[in-house]
Amino acid sequence: MAVKQIVMFPDEVLERPCDKVTVFDKKLTKLLGDMYDTMIENDGVGLAAPQIGISQQIAIVDIDDHHGTIELINPEIIEQRGKQTGPEGCLSFPGLFGEVSRADYVKVSTYNRKGKVKVIEAEGFLARAIQHEMDHLEGILFTSKVEKYLEEEDLESAEG
Ligand SMILES: [Zn+2]
């Protein structure tokens, strides 16, 4: 596995809708491993494939809780409710943070690395991270949803 270079805004791959994954093979497993290493190396809570230059519907989320690493492949939101507003950042926009509103709860249908359908339920911060990564797969960046940009000192309480 390897740490990959993060693609920074404004690279056009970040704003292009990704292609669906159709082949679930060793290459996909290796890519997921590389994405995990890259996310951890950069202290991220999630990473989408376009952020390492690959325009495919693959993302991972790991907020360091009991869910472990969630793999999202061709994911679709099948249910959502509630609303949360909170600070968000993105590895492709270093040092930029803003308040974004998201659904508070999501139910997502996704594939795992073996091509099996899985349903994931999440709320709060995990739901936020999943929605942020899923947006990447459609070429949507968090900056298009920021209601208010935040200074780093505003974030201290939010980041604990
Ligand atoms: Zn991002």
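Nothing in this text is a laboratory measurement; each read-out follows from the coordinates by a stated rule. All of these numbers come straight from a predicted model, not from anything done at the bench. Here the Cβ positions follow ideal geometry from the backbone for every residue, glycine too, while neighbour counts run over all protein chains shown.
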From Val108, Val45, grab the single residue that is in contact with an Asp or Glu (Cβ under 9 Å, 6 or more places away or on another chain) and more than 15 Å from the ligand (Cβ to nearest atom).
Val108
Boolean, Lys107 is assigned to a strand (DSSP E or B) and free of Cβ contacts under 8 Å to residues at least 12 places away in the same chain
no
Examine the stretch 19-27 for a residue that is in contact with a Leu (Cβ under 9 Å, 6 or more places away or on another chain), surrounded by 13 or more Cβ atoms within 10 Å (Cβ to Cβ) and not in a helix (DSSP H, G or I), and state whether such a residue exists.
yes
For the stretch 120-129, which residues satisfy the criterion of being of a type in the set (A, V, I, L, M, F, W, C) and either more than 12 Å from the ligand (Cβ to nearest atom) or outside any helix (DSSP H, G or I) (or both)?
Ile120, Ala122, Phe125, Leu126, Ala127
Restricting to the stretch 66-89, what's the tally of residues that are touching a helix residue (DSSP H, G or I) at 6+ places or on another chain (Cβ under 9 Å), closer than 30 Å to Lys30 by Cβ and either free of Cβ contacts under 8 Å to residues at least 60 places away in the same chain or away from the ligand (no atom under 16 Å from the Cβ) (or both)?
9
